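None of the figures in this text is laboratory data; all of them are computed from the coordinates on show. No experiment lies behind these values; they were computed from the predicted model shown. Reconstructed Cβ throughout: ideal geometry from the backbone, glycine too, with neighbour counts over all protein chains shown.
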Amino acid sequence: MAAYELSGQVALVTGGAGGIGAAICAALAEAGATVLVGYAGNPQRAAALAAQLGGPGQHRALLTRVDDSSTLEAAAHDVQAHEGRLDILVNNAGITTPVPHHDLDGLSDEWIDTILRVNVRGAFACVRAFAPLLRAGGNGLVVNISSIAGRTGMGSNVAYCASKAALDSLTRSLGRALAPNIRVLSVSPGWVDGEYARLMPPELIAAQAERTPLGRIARPQEVARAVLAAATHLTFSTGCIIPVDGGRPLS
């Protein structure tokens, strides 16, 4: 890829200071984009990451509480006032909690509502808030960070799997509805060696790696490179799901 291929473009990554989010921010910054590190509850961490990012962009942290549409509307006005444009929106913010699938009572109504509110409604609300900015440039891009759980039905809990299936459906619907001025894709990893995986027992992660044809779980930077490819190389793709799973569904 040519150096600074995204120079002059502005990208927002929700949940940008987490493990996968930080890798996505770094990749977009190194490609030349100005990166807005979206955060909900830890402005210091987001600001610290923004200060560390490379490339020529003027990076900064931005409050994007995805389950609060008024906050997102304020963020869109902020971007319009400060950057004057938005070219790339990465819906990376998400939430889950481990609950065995057979434990129907263990998955409370409150957790179901929270997971769907953040993972599905939150992604849609972000697109709704930032669509005018994305559309204005004539070549906007939305990348939803999904999961193979939406396809396989295997994941941290039943509601999480359902939320990622819904997110992929949202990608397809919006890919059609927002064309031709905004493209919409999902990047769909399996297990990723990030913050959530490191909370799990090492033997569980080792078992997942063993069941993956490529023999390991993904690195955050590999998810980030898929996002970067969507922005720089897959320019005639929309409404589709890009797997970054090492072939895990094949086993």
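Assorted remarks:
- C-alpha long axis of helix 220-232 to longest principal axis of the chain, angle in °: 40 degrees
- On Cα atoms only, tilt of 19-30 relative to the major axis of the chain in degrees: 30 degrees
- Here the stretch 26-49 and the stretch 130-207 have alpha carbon centers that stand 19 Å from each other.
- Our summary gives the stretch 10-250 a relative contact order of 19 percent, counting only alpha carbon pairs under 8 angstrom and 6 or more residues apart.
- Split the chain at each of the GluC sites (Glu not before Pro) in a DSSP loop with at most 15 other beta carbon atoms within 10 Å, and the longest piece is 6-194.
- Three-way shape label, the chain, alpha-carbon gyration tensor, a/c 1.5: prolate
- C-alpha long axis of helix 69-82 to longest principal axis of the chain, angle in °: 40 degrees
- Ascending count of other beta-carbon atoms within 10 Å, so fewest first, for Cys240, Cys25: Cys240, Cys25
- Ascending count of other beta-carbon atoms within 10 Å, so fewest first, for His102, His82: His102, His82
- Going from the residue with the fewest nearby Cβ atoms within 10 Å to the one with the most, Val187, Val37, Val79 rank Val79, Val187, Val37.
- Computed [θ] at 222 nm, deg cm²/dmol, the chain (DSSP H ≥ 4; -39,500 (n - 2.57); rounded to nearest 500): -13000 deg cm²/dmol
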